[in-house]
Amino acid sequence: MNLRGCAAQILAKVLADGVSLTAALDAGLPKIKDHQDKAFVQACCYGVIRHYFALEFMLGKLLSRPLKAKDTDIKALLLVGLYQLQHMRVKPHAAVSETVAATSHKPWAKNLVNAVLRQYLRDAEALTAACAEDDQARSNHPAWMIAAFAADWPDHYPRLLSADDHAPPMMLRVNALRGERGAYLDELAAAGIAAQAVDGCATALRLDQALSVEQLPGFADGRVSVQDAAAQLAAELLDVQAGQRVLDVCAAPGGKTAAILEMQPSAEVLAIDIDPARLKRVDDNLTRLGVSATTLAADATRPDSWAGGHLFERILVDAPCSGLGVIRRHPDIKLLRRESDLATLTALQAQILNAVWDLLAPGGILLYATCSVLKRENEAQIEQFLADHPEAAELPIAAHWGLARPHGRQILTGDRQMDGFYYAKLRKSA
Ligand SMILES: C[S@@+](CC[C@H](N)C(=O)[O-])C[C@H]1O[C@@H](n2cnc3c(N)ncnc32)[C@H](O)[C@@H]1O
């Protein structure tokens, strides 16, 4: 099995068919048996997608004419070759010959791949210099995203772009029902796993190096979960009191539902999501962690069909969003997300907010969250909501993390090593 060829096949699914990298890896990796081979293919795929705009720019300079759409697999293979030569500690001659060997199903491409990669080795310096002159190539983002970040965050956007291109640290949430964070840190240290407590988030730990979950003490017994600290803040902010009824309307795969219950296990939680397959993961997660909620596959924009007249003291709207705050974890967002998606997403966010607001009990709190850094999905969304709902008042979020905004609080990607996230807290008048 040629590993570069495997990586190219996986990448071609993302590039040609618009499949997410996670889904393409889930389909492609099980065919590879050896653990190290799997890790190599995964590293190639993430690397190519993370550096896509620079690699593609260079490839454009190295090819005399673009490849046809039916040869996206060869394009992907060339990108794998360039990625190895630029970013991996693989000997150049081995990288070239193994990549060329992956063309056996299309013999015409053998000379092309060989010539392009050798040309790169000769011209690397000039190509790198040319990249520095091109906005998309230099920042590894599509032009529309660069413009959107620059418009919203003129003082911060270079840091935002650069944060997106680094692999994020692995963070854990310690299940407070099964032990304290300090005790778990001691246990990690005893197992030779270096980690630190994350300041400002009581349940979060940051590992020095990513591991597979099987290597984490007590993972199967529900003592910890993998979750960025920014996402863990939702449970703290929602401030659920004993026995309260909580509605979590975009719940899958259940990271925040579980965090809420670990903090307040006596809460009566209804977790809904429109996607039944993703909702199944909520059930699996809750079972592993030893907490329980009612789960329901339902459309948050149509509560008349599922809410049954019940009111809730707390509501979490972790809205479907562009995901532009989690590009570090899902670099394919840079390729697959379109600017035209934003209008649909912001309309859906507003629809969900308006629909579930009616289910909030007087005096109750609604927490709005996204993993985006765009104002139109965040503070502008809340500004409009407050203008339309005089019975809604914003509660301040006093914190050391993030930026206080005219409405809500924004974490920009990479701040305190966290994902990009937004939170706003609203109370309904009693
Ligand atoms: C940001 S994700 C939620 C992540 C989740 N809260 C967690 O912490 O694990 C957004 C979710 O919204 C769901 N969704 C999208 N449109 C919806 C709708 N109309 N009603 C309910 N859920 C919806 C998606 O299926 C997706 O699972």
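The values are calculated or read from the model by the stated rules, or taken from the named source; none is laboratory data. Quick caveat: nothing in here was measured; it's all calculated off a predicted structure. Note that each Cβ is placed from the backbone with ideal geometry, even for glycine, and that neighbours are counted across all protein chains shown.
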Handout entry: Members of the stretch 331-344 found to be surrounded by fewer than 22 Cβ atoms within 10 Å (Cβ to Cβ) and farther than 14 Å from LEU161 by Cα, listed by number
Key = LEU335, LEU336, ARG337, ARG338, GLU339, SER340, ASP341, LEU342, ALA343, THR344
Completion exercise
Within the stretch 348-377, the residues that are within 18 Å of GLY325 (Cα to Cα), crowded, with 24+ Cβ neighbours inside 10 Å and away from the ligand (no atom under 12 Å from the Cβ) are VAL373, LEU374
Handout entry: Leading residue by the ranking (farthest from the ligand (Cβ to nearest atom)) among those in the stretch 221-237 that are among the small types (Gly, Ala, Ser) and either in contact with a helix residue (DSSP H, G or I) (Cβ under 7 Å, 6 or more places away or on another chain) or modelled with pLDDT under 95 (or both)
Key = GLY222
Exercise for the section: Show the residue pairs that are 6+ apart or on different chains and have beta-carbon atoms under 9 Å apart, the first residue being within the stretch 260-281 and on the phi < 0 side of the Ramachandran plot, the second being assigned to a helix (DSSP H, G or I) and β-branched (Val, Ile, Thr). Expected result: ALA267/ILE260; VAL269/THR257; VAL269/ILE260; ALA271/THR257; ALA271/VAL282; ASP273/VAL282
Practice task
Scan the strands (runs of 3 or more DSSP E) fully inside the stretch 338-430 and keep the ones with 3 or more residues being modelled with pLDDT of 95 or more and of a type in the set (Gly, Ala, Ser).
Solution key: 360-370
Completion exercise
Going through the stretch 312-327 in order, the residues found to be in a loop (DSSP other than H, G, I, E, B), buried (at least 22 other Cβ atoms within 10 Å of the Cβ) and in contact (Cβ under 8 Å) with a residue 60 or more places away in the chain are ALA319, LEU324, GLY325, VAL326, ILE327
Practice task
Among residues belonging to the stretch 269-282 that are more than 8 Å from the ligand (Cβ to nearest atom) and surrounded by fewer than 16 Cβ atoms within 10 Å (Cβ to Cβ), point out the one that is nearest to ALA350 (Cα to Cα).
Solution key: PRO276
Exercise for the section: State whether one or more residues within the stretch 152-175 are farther than 27 Å from TYR46 by Cα, more than 22 Å from the chain's Cα centre (by Cα) and outside the structural domain of HIS35 (by TED's automatic domain parsing). Expected result: yes
Fill in the blank from the handout: For the stretch 238-253 the number of residues that are touching a strand residue (DSSP E or B) at 6+ places or on another chain (Cβ under 7 Å) and either in a strand (DSSP E or B) or within 13 Å of the ligand (Cβ to nearest atom) (or both) is 9
Exercise for the section: Can you confirm whether the stretch 46-61 contains a residue that is without any contact (Cβ under 8 Å) to a residue 12 or more places away in the chain and in the same structural domain as ALA7 (by TED's automatic domain parsing)? Expected result: yes
Handout entry: Failed item, numbered, when ARG288 is tested on (1) more than 13 Å from the ligand (Cβ to nearest atom); (2) closer than 30 Å to ALA183 by Cα; (3) in a loop (DSSP other than H, G, I, E, B); (4) not hydroxyl-bearing (Ser, Thr, Tyr)
Key = (3)
Practice task
Kindly list the number of the only condition in (1) more than 14 Å from the ligand (Cβ to nearest atom); (2) within 18 Å of LEU247 (Cα to Cα); (3) under 21 Å from the mean Cα position of the chain (by Cα) that fails for GLU313.
Solution key: (3)
Fill in the blank from the handout: Apart from one, (1) hydroxyl-bearing (Ser, Thr, Tyr); (2) under 23 Å from ILE327 (Cα atoms); (3) without any contact (Cβ under 8 Å) to a residue 12 or more places away in the chain all hold for THR22; the odd one out is (3)
